[in-house]
């Protein structure tokens, strides 16, 4: 039985198949021991499904263990072995400060302090030739110096090792023989730019002990809970594919965006059920919001920054902003209304949760009546609207009424999120007009229509389980192995270049296929995609295009789309070759829901008075469980369900499809949509 | 509550605080997006790796509406470029001006600026401008890299007054050919210019989208509100400072010609919600290249006062409305032709900041850091590349140093401060592209000034030439270290040396060296000043 678990900040969500239907279960997270919450959830699943004695368990985890260890600096004690003379590259970084106009700016501390950064006498030239050999004596010295630092893990990164890995291999071999957990740069990220590669390798070493412990604990507890049945634990990676627990323990840097990546995968599935090819995913939680653009496949980036440190392994291109339901609102000195990035967090939480003292986005919704009368989690979590109103009243400044202030807060929060969506769409040459917004996370549905309206998007898709979509994405994910090499090959003619790349691709593929075979996949279940990173000779940034066909022309076109010009007379070069090797998993499907006995309006749970556009209006209150395929209703409406609340503003219409997903669009836009 | 009172004042004039915040974000994202496009499509390491460029958005009168988070020295001085282009040319729709003349809207010759008007509908005059500036690694002149010692601007490279690079929607090939014929690495220059043009077009397109959505009238109204909003923020910050007159001075080591220290003097008068910054008493313009044009001085003042604002304020020209700057003509803070100016932008600008901070430390001691390295340690290397059929190459970089200690906080080490924020070139890029090898790149420990809070440490960088080459150094703070404050010790001054066959020879701060293959240049950058008297108990380096 396959079970997917997403360990979030507040809840641990668990999705699995029960009698052929997807089921969701939420238990409170235990940030100090995430494995305990997982075990609790597994126990409940097992009880509910009445699992027979020895059924095997296939557990896939989305985890924030890596991100949190980085954010809170709770990783392992690490030493770094690097080329002598360059011990400080990790600390110097790119020599720039993160904020320009702030005398008190603070630079992120390196994960390895100077005393544990060890310089090795060795040097390679830009073409990989040996300038200074690595002697046997030096090798022994390095091991001794590492031993003196009392570390549990070691990162090894030498200049130009992506050209020639021999020195790194020798050092890694000696250190592994001495019993260390070793992360080696040419294995983790065989690409140029020494700081980014060192940083990524060091992060890997830093997370390795923490991740090993977490996965070991999860494995042990799962095994216990499953009383002897075979259990297999796997982990979601930041690139949207899953890997074995063993590999994740060795390459934890690949799991940093594990949870959010699950959300993107879930949203991609929801979009495919709805027949939408182009969507922007919008995952709004309590303190932050993740957005990603899905057009022609999943976009990945190698330029992520996490906790102030660069992480250069491929991750789904997910953009995060510090605005969520718990973001605090205030009026600044110059009279502007601002929302976030400070957050009320889980403690004290928004005012309407009973303890917060300052107005938040959630409080603004409460004041405007958007939660209906029942509170959250189907009434299990009551809200104190009066308290929210008092706090807003206290801080409303010159806003005439509390409602006006509340609406202002929502508009500013929307502006922040709109900017986030622009970063991943307009700023990269994609027009939101062509896209629909997939809204999920606890607060996604409360803002989605306003955002989609402001960006003139096609509409909003509200998937099933908005509160558990990440876990669903994880449940359906394939096993993915990304492999790459820097080649720096100038393209004289397309045919010749393709010939030269063929052998390199074969080697890379072999590597990926062997890794998947090790996880039990047969060749027929394995799919391979080949990519090349191309640029004009002289540029520093590459664009990834599919390696098949005329990849040079594909590059010119991609360059034109992104930067507004292409120069077909300039020579191009292939910087990296990449393979994505995928082992396809069996994928549980969302089941269809019954059709409505008669099309048209669904039953109402009640009538609310909510403020939209400055006016209190009679608003339909709809219980999502009572929706049937074919139901159609117009805003203003509030849709309540166990894990989320969705607003349908006036002028918008909602249609329920055969899977129970809801598509929302402005009435005025429906005709234009129909023509697309 | 003061914020509330101001707000109510504004509400009467019809400003919606929500919409104000929205437009602030919109204009800023235009500038950021222009920068991303420029970086990603540029060709020279100085732009694509080091990010030595800036982008900004202006209203129809040339007032700054938003600037990307790029290079402070560019951002405060670019309005002069837009003004000069507007003065000199009637720019029609689709036309783009190019310029670098320090005496007509530029700062120093390598910084090439493009200015493009944005016309809406059938309006007769532009409603917006977009502009970007990028530091080109060579602009011709006597020395590869165009940053070397010179006595007149004519020796520093090609000087471009505002002219049309795009005219009537088409590229002016004559202007381009003239430009490319005067520089050492024309192919790279042409690529970088294409990227700059692309950035302008990205800016234009985004502004059109904004106007398409909010309407021209509303967009312009809020552009005006943004200017007034930032001015109001600045007035509020000035009102919090005790009124009075505060002066200070500091020195540049010299101009590389006479070896005589050059004084920069400032008197800051803080009034009620306004300030006046007067540089009378600064040294007369000099024979060497550390002369700053007025735009740089204004830029430095702008930078310092912007940092005094605690909040994230939109970077508009409104910030300078309450501040008057007086820089007497014919001095190193407002030089006249034909002064050489390459170093004014990079070195004098830093010293102006140091001097101004020293004066402000008397007004707001808890908010002002000790002096940071106060130089950009400019290094140029040029010659013929034997690995590439002896094609000419020109490389430029600046090297970070120590940040001054802050009240309550040590200074950061190995970081760019104040007027620059350019990145380093990765060793793995540098050695791939140029015939050089980096021998060491490390933190210069112990160079930060001692104190209750320590100044940050500088950097040691060693570069080996793999072919004969001409190297230019333009560095300051080689004689006097960056000052400490409140009893904190000065940071260590920087040092330059040339190592040949194992023997090191000290080099002056500003010089040109004819290097052989195998020569090593060692540059040690200054540490930051300390803050507060060192306490016995405190462990050093904590």
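The values are calculated or read from the model by the stated rules, or taken from the named source; none is laboratory data. Here the structure is a predicted model, which means the values were calculated and not measured. Reconstructed Cβ throughout: ideal geometry from the backbone, glycine too, with neighbour counts over all protein chains shown.
Within the stretch B:185-200, track down each residue that is surrounded by fewer than 19 Cβ atoms within 10 Å (Cβ to Cβ) and either within 11 Å of another protein chain (Cβ to nearest Cβ) or within 22 Å of the chain's Cα centre (by Cα) (or both).
Answer for the stretch B:185-200, where residues must be surrounded by fewer than 19 Cβ atoms within 10 Å (Cβ to Cβ) and either within 11 Å of another protein chain (Cβ to nearest Cβ) or within 22 Å of the chain's Cα centre (by Cα) (or both): B:187, B:190.
Taking into account only those residues within the stretch B:430-449 that are within 18 Å of residue B:47 (Cα to Cα) and within 7 Å of chain A (Cβ to nearest Cβ), which is surrounded by the fewest Cβ atoms within 10 Å (Cβ to Cβ)?
This residue is B:432.
Is at least one residue of the stretch B:216-235 more than 10 Å from chain A (Cβ to nearest Cβ), under 30 Å from residue B:473 (Cα atoms) and surrounded by fewer than 19 Cβ atoms within 10 Å (Cβ to Cβ)?
no
Across the stretch B:94-120, what is the number of residues that are modelled with pLDDT under 95 and surrounded by fewer than 24 Cβ atoms within 10 Å (Cβ to Cβ)?
Adding up the residues that qualify gives 3.
Would you call residue A:111 away from chain B (no Cβ under 13 Å), at pLDDT 95 or above and under 26 Å from the mean Cα position of the chain (by Cα)?
Numbers: away from chain B (no Cβ under 13 Å): yes; at pLDDT 95 or above: yes; under 26 Å from the mean Cα position of the chain (by Cα): yes.
For residue A:111, the condition - away from chain B (no Cβ under 13 Å), at pLDDT 95 or above and under 26 Å from the mean Cα position of the chain (by Cα) - is met.
Say whether the condition of being more than 29 Å from residue B:290 (Cβ to Cβ) and surrounded by fewer than 20 Cβ atoms within 10 Å (Cβ to Cβ) is met by at least one residue in the stretch B:247-269.
No - not one qualifying residue is present in the stretch B:247-269.
Of A:428, A:422, A:411, A:396, which residue is within 10 Å of chain B (Cβ to nearest Cβ), modelled with pLDDT under 85 and within 23 Å of residue A:343 (Cβ to Cβ)?
One residue alone meets the criteria, A:422.
Hey, could you check the stretch A:161-175 for residues that are part of a loop (DSSP other than H, G, I, E, B) and surrounded by 24 or more Cβ atoms within 10 Å (Cβ to Cβ) and say which is modelled with the lowest pLDDT?
For the stretch A:161-175, the residue satisfying everything is A:162.
Quick test of your reading of the structure: residue B:424 fulfils all but one of (1) assigned to a loop (DSSP other than H, G, I, E, B); (2) more than 8 Å from chain A (Cβ to nearest Cβ); (3) touching a strand residue (DSSP E or B) at 6+ places or on another chain (Cβ under 8 Å). Name the failing condition by number.
It fails just one condition, (2).
Name the helices (runs of 4 or more DSSP H) wholly within the stretch B:1-79 that hold at least 3 residues that are at pLDDT 90 or above and either more than 8 Å from chain A (Cβ to nearest Cβ) or out of contact with any strand residue (DSSP E or B) (no Cβ under 7 Å at 6 or more places or on another chain) (or both)? Let's see the steps before the verdict.
Values: elements: B:2-12, B:17-41, B:45-48.
The helices (runs of 4 or more DSSP H) meeting that bar are B:17-41.
Considering each residue of the stretch A:335-348, count those that are more than 12 Å from chain B (Cβ to nearest Cβ) and in contact (Cβ under 8 Å) with a residue 40 or more places away in the chain, and give that number.
So the answer is 3.
Tell me, which residue of the stretch B:377-395 that is part of a loop (DSSP other than H, G, I, E, B) and touching a strand residue (DSSP E or B) at 6+ places or on another chain (Cβ under 8 Å) is farthest from residue B:482 (Cα to Cα)?
As a first pass, look at the stretch B:377-395 and keep what is part of a loop (DSSP other than H, G, I, E, B): B:377, B:389-390.
This time we only want the ones that are touching a strand residue (DSSP E or B) at 6+ places or on another chain (Cβ under 8 Å), so: B:377, B:390.
Numbers: B:377: 14, B:390: 41 Å.
Among those that are part of a loop (DSSP other than H, G, I, E, B) and touching a strand residue (DSSP E or B) at 6+ places or on another chain (Cβ under 8 Å), it is B:390.
Filter the stretch A:176-230 down to residues that are over 24 Å from residue B:426 (Cα atoms), in a loop (DSSP other than H, G, I, E, B), in contact with a helix residue (DSSP H, G or I) (Cβ under 9 Å, 6 or more places away or on another chain) and in the same structural domain as residue A:146 (by TED's automatic domain parsing), then give me how many there are.
2
Scan the stretch A:289-334 for residues that are part of a loop (DSSP other than H, G, I, E, B), closer than 22 Å to residue A:189 by Cβ and away from every other protein chain (no Cβ under 14 Å) and report the count.
Qualifying residue count, the stretch A:289-334: 4.
Residues checked against (1) surrounded by fewer than 19 Cβ atoms within 10 Å (Cβ to Cβ); (2) under 30 Å from residue B:303 (Cβ atoms); (3) outside the structural domain of residue A:143 (by TED's automatic domain parsing):
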| site | (1), (2), (3) |
| --- | --- |
| A:7 | no, no, yes |
| A:29 | no, no, yes |
| A:35 | no, no, yes |
| A:55 | yes, no, yes |
| A:76 | no, no, no |
| A:84 | yes, no, no |
| A:106 | yes, yes, no |
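Filter the stretch A:85-100 for residues that are at the interface with chain B (Cβ under 7 Å from one of its Cβ atoms) and either on the phi > 0 side of the Ramachandran plot or part of a helix (DSSP H, G or I) (or both) and give the result. First the steps, then the outcome.
Restricting attention to the stretch A:85-100, the residues satisfying the condition of being at the interface with chain B (Cβ under 7 Å from one of its Cβ atoms) are A:85-89, A:91-92, A:94-97, A:100.
The answer is A:85, A:89, A:91, A:92, A:95.
Just name the residue that is nearest to the other protein chains (Cβ to nearest Cβ) out of those in the stretch A:513-537 that are more than 25 Å from residue A:478 (Cα to Cα) and surrounded by 19 or more Cβ atoms within 10 Å (Cβ to Cβ).
Filtering first and then ranking leaves A:536.
Before we move on, is residue B:386 more than 22 Å from the chain's Cα centre (by Cα), surrounded by fewer than 24 Cβ atoms within 10 Å (Cβ to Cβ) and more than 10 Å from chain A (Cβ to nearest Cβ)?
yes
List the number of the failed condition for residue A:449; all other conditions in (1) more than 14 Å from chain B (Cβ to nearest Cβ); (2) buried (at least 22 other Cβ atoms within 10 Å of the Cβ); (3) touching a helix residue (DSSP H, G or I) at 6+ places or on another chain (Cβ under 9 Å) hold.
(3)
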